[in-house]
Amino acid sequence: MDKETSLITAQQFHTILSSVDNSQDAKENSAHLVLFVHRVEDYESGLYIFVRNQRDKELYWECGMIGQQLYLEATSLGLSGTGIGCFLDDTMHNLLGLKNNYFQTLYHFTVGRGYVDSRILTKPAYK
């Protein structure tokens, strides 16, 4: 994400988290979020855990739905987002100090102000 522009406001950050917390149509939230927070107003950069319920079980479908909600909410606030999938499971588990699979990383996502990489070309669609 672009590190040269202004911070994400605390209100934008809370709006994004609120949309995820309330996005399951009254179904119990079972996936918790680990957040790398950087360049958010009123927050110290660091690692945060957003616990969404006390049952501690995580589901792939719910993570996908959360990802879609994060895309929509970030876009509606003029921000960008991207899902990273979960190709860094072992690295993330080591960072969090997890020693077994009681908790499992299922999905990674980043939100910020987009950066246009001039090395990437855009071509017209196929006819």
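Output the residue which, of all residues in segment 73-127 that are β-branched (Val, Ile, Thr) and in a helix (DSSP H, G or I), is surrounded by the fewest Cβ atoms within 10 Å (Cβ to Cβ).
91
Test residue 88 against the stated conditions and say whether it is at pLDDT below 85 and hydrophobic (A, V, I, L, M, F, W, C).
So residue 88 fits the description; yes.
Quick one: how many residues across segment 8-37 are part of a loop (DSSP other than H, G, I, E, B) and at pLDDT 90 or above?
Within segment 8-37, residues that are part of a loop (DSSP other than H, G, I, E, B) and at pLDDT 90 or above number 1.
Does segment 45-55 contain at least one residue that is under 15 Å from residue 8 (Cβ atoms), at pLDDT 85 or above, of a type in the set (A, V, I, L, M) and not in a loop (DSSP other than H, G, I, E, B)?
no
The values are calculated or read from the model by the stated rules, or taken from the named source; none is laboratory data. In this text, all values refer to a predicted model and were calculated from it rather than measured experimentally. Glycine gets a Cβ as well: all are built from the backbone with ideal geometry, and neighbour counts include every protein chain shown.
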